[in-house]
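Asker: For reference, the structure I am asking about is given below.
What follows is calculated from the coordinates using simple rules that are stated; it is not laboratory data. Values in this document were obtained by computation on a predicted structure and should not be read as measured data. We place every Cβ from the backbone using ideal geometry, glycine too, and count neighbours over all the protein chains shown.
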Amino acid sequence: MLKNSSILVTGGTGSFGHAFVKMTLDKFDPKRIIIYSRDEMKQWEMAKLYQEDKRVRFFIGDIRDKERLHRALAGVEFVVHAAATKIVPTAEYNPFECVKTNVNGAMNLIDACIDQGVHRVVALSTDKASSPSNLYGATKLVSDKLFIAGNSYSGDHGTKFSVVRYGNVMGSRGSVIPFFMSIAKTGVLPITDDRMTRFMITLEQGVELVWKAFDDMIGGEIYVKKIPSMTVVDIARAVDPNAQHKIVGKRPGEKLHEQMIGVEDACFTLEYGDYFKILPSINKWNEDPRRLSGGVRVPENFVYSSDSNDDWMTVSDLKNWISSNGDKVGKL
């Protein structure tokens with residue numbers, strides 16, 4: 001589907017964007033991938049990696065700027081929306097700015113994609129959007145709802161919008177693994193709460209879920225990858241088994257456990273081999289046979305949460321992953 005196509009990635013200089021660009025160039029050989037973001041230094045650094053590859057283009061712009069988006073999307077067929085204000089405490093202390101990017105930016109992108117005739121759009125969401133307890137999660141829930149409803153605005157033969165949702169991306173910039181690695185030499189690792197659990201996903205799995213959504217989507221679905229959980233204490237043990245742990249308490253807006261599917265969405269959720277799909281609750285789209293596509297309805301009280309997950313990553317598993325990926329952790 002993506003072969004010889006034109007793709008735009010918002011927030012494309014982030015960890016996901018780096019992985020998506022490399023993997024998509026290798027697998028699908030698109031005509032062009034446009035990196036749309038507002039940080040010129042990150043674009044300059046990324047451009048050096050692809051200076052010999054004319055398929056990769058760079059476009060300075062902000063998703064808050066609808067006119068700039070409209071210009072950047074000319075001739076684009078597929079969009080991956082990765083741009084967001086996503087650090088939980090930052091959002092709590094800067095709520096107006098978070099809303100401008102995560103909510104207003106989503107509306108701008110939806111309108112611009114419809115106006116420019118983009119074929120398919122996949123927006124990246126987060127486990128924090130399910131039963132949100134912090135501002136970041138609340139804005140991403142709103143964003144998810146906007147992208148789902150965007151299918152009503154575009155009509156049956158217009159732009160299609162879907163969402164992918166997953167948890168903590170292992171080794172990404174600003175996440176817990178590179179943070180622990182950066183301070184491990186002190187001999188003390190801060191633990192917010194020794195009961196805390198998180199979902200764990202690799203960047204490669206995140207990219208593959210976006211590919212799956214592009215291939216499968218009818219419009220309005222939320223795709224949730226089945227991934228393992230891990231306690232924060234075990235993450236610390238994997239990084240440095242000899243470090244002491246200091247309990248520091250949860251940060252503002254932080255959850256004890258993460259959730260990707262809440263009980264309220266259970267009646268609209270289908271299970272497949274390695275993922276779930278939450279169907280839209282509007283317009284009776286959850287009854288559309290095209291969207292069901294062989295899935296099995298989950299029980300009515302179903303919850304997909306990091307503390308009650310059936311799949312757990314061990315300390316040994318994470319040690320092996322860090323050993324194989326240590327040179328990339330926290331750098332992208």
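Asker: Among 281, 306, 130, whose mean-square fluctuation peaks in a Gaussian network model of the chain (Cα, cutoff 10 Å)?
Answerer: Fluctuation is largest for 281.
Asker: What Rg and what Dmax come out for the stretch 1-139 when only alpha-carbon atoms are used, in angstroms?
Answerer: 14.9, 45
Asker: List 97, 254 from most exposed to least, where exposure is judged by having the fewest other Cβ atoms within 10 Å.
Answerer: 97, 254
Asker: For the stretch 258-332, state the semi-axes of the equivalent ellipsoid (square roots of 5 times the eigenvalues of the alpha-carbon gyration tensor), sorted largest first and rounded to whole angstrom.
Answerer: Values: eigenvalues 220, 44, 27 Å².
Gyration-tensor ellipsoid for the stretch 258-332: 33, 15, 12 Å.
Asker: Another one. Report the Cα centroid-to-centroid distance between the stretch 46-95 and the stretch 236-267 in angstrom, as an integer.
Answerer: Taking the Cα centre of each part, the stretch 46-95 and the stretch 236-267 sit 29 Å apart.
Asker: Over all directions, average the projected area of the Cα convex hull of the stretch 81-177 and note it in nm².
Answerer: Answer in nm², one decimal: 6.3.
Asker: Once the Cα gyration tensor of the stretch 154-259 is found, what semi-axes does its equivalent ellipsoid get, as square roots of 5 times the eigenvalues, in whole Å, sorted largest first? Show your work: numbers first, answer last.
Answerer: On the way: eigenvalues 248, 38, 22 Å².
Computed over the stretch 154-259, the values are 35, 14, 11 Å.
Asker: If the elastic network links every pair of Cα atoms under 10 Å, which of 186, 314, 231 fluctuates the most in the Gaussian network model of the chain?
Answerer: With Cα springs under 10 Å in the chain, the top fluctuation among 186, 314, 231 is at 186.
Asker: Most fluctuating residue of 116, 51, 43 in a GNM of the chain with Cα springs under 10 Å: which is it?
Answerer: Result for the chain, Cα springs under 10 Å: 51 fluctuates most.
Asker: Give me the number: length gained by fully extending residue 92 to residue 188, i.e. 0.36 nm times residue separation minus the C-alpha to C-alpha distance, one decimal in nm.
Answerer: The residue 92-residue 188 span can extend by a further 31.9 nm.
Asker: Taking the Cα-to-Cβ direction at residue 242 and at residue 67 and moving 7 Å from each Cα, how far apart do the two end points lie in nm?
Answerer: Result for the modelled spin labels: 6.0 nm.
Asker: How big is Rg to Rh over the stretch 95-238, alpha-carbon atoms, Rh as the Kirkwood inverse-mean-distance radius?
Answerer: 1.05
Asker: Here's a follow-up. What dipole magnitude, in Debye to the nearest 20, does the chain give about its Cα centre under +1 on Lys/Arg Cβ and -1 on Asp/Glu Cβ?
Answerer: Working: 43 positive and 41 negative charges, 155 e Å.
For this selection, approximately 740 debye.
Asker: A further question on this structure: Starting from the Cα-Cα distance between residue 157 and residue 51, subtract it from 0.36 nm times their residue separation and give me the gain in nm to one decimal.
Answerer: Working: separation 106, 0.36 × 106 = 38.16 nm, distance 3.72 nm.
Between residue 157 and residue 51, full extension yields 34.4 nm more.
Asker: Based only on the alpha carbon positions, what is the Kirkwood hydrodynamic radius of the stretch 74-124, in angstrom? Show your work: numbers first, answer last.
Answerer: Values: mean 1/r = 0.0843 Å⁻¹.
Kirkwood hydrodynamic radius for the stretch 74-124: 11.9 Å.
Asker: Can you sort 193, 144 by how many other beta carbons sit within 10 Å, fewest first?
Answerer: Fewest-to-most ranking of 193, 144: 193, 144.
Asker: Continuing with this model, one more query. If you line up the Cα atoms of the chain on their principal axes, what length do they span on each, largest first, in Å?
Answerer: 57, 51, 38
Asker: Treat each spin label as a single point 7 Å out from the Cα along the C-beta direction, and report the residue 250 to residue 44 distance in nm.
Answerer: With each label placed 7 Å out from Cα toward Cβ, I get 4.1 nm.
Asker: Give me the net charge for the shell around residue 153: Cβ to Cβ below 11 angstrom, other residues only, Lys and Arg +1, Asp and Glu -1.
Answerer: Cβ neighbours under 11 Å give a net charge of -2.
Asker: Now, a different point. Measuring from centroid to centroid over Cα atoms, what is the spacing of the stretch 1-36 and the stretch 168-213 in Å?
Answerer: 23
Asker: Further, regarding this structure: Quickly estimate the mean residue ellipticity at 222 nm for the chain, helices only: each DSSP H run with n ≥ 4 gives -39500 (n - 2.57), and the total goes over all residues, rounded to 500.
Answerer: One gets -10500 deg cm²/dmol as the mean residue ellipticity at 222 nm.
Asker: Among 157, 119, which comes first, second and so on when ranked by fewest other beta-carbon atoms within 10 Å?
Answerer: 157, 119
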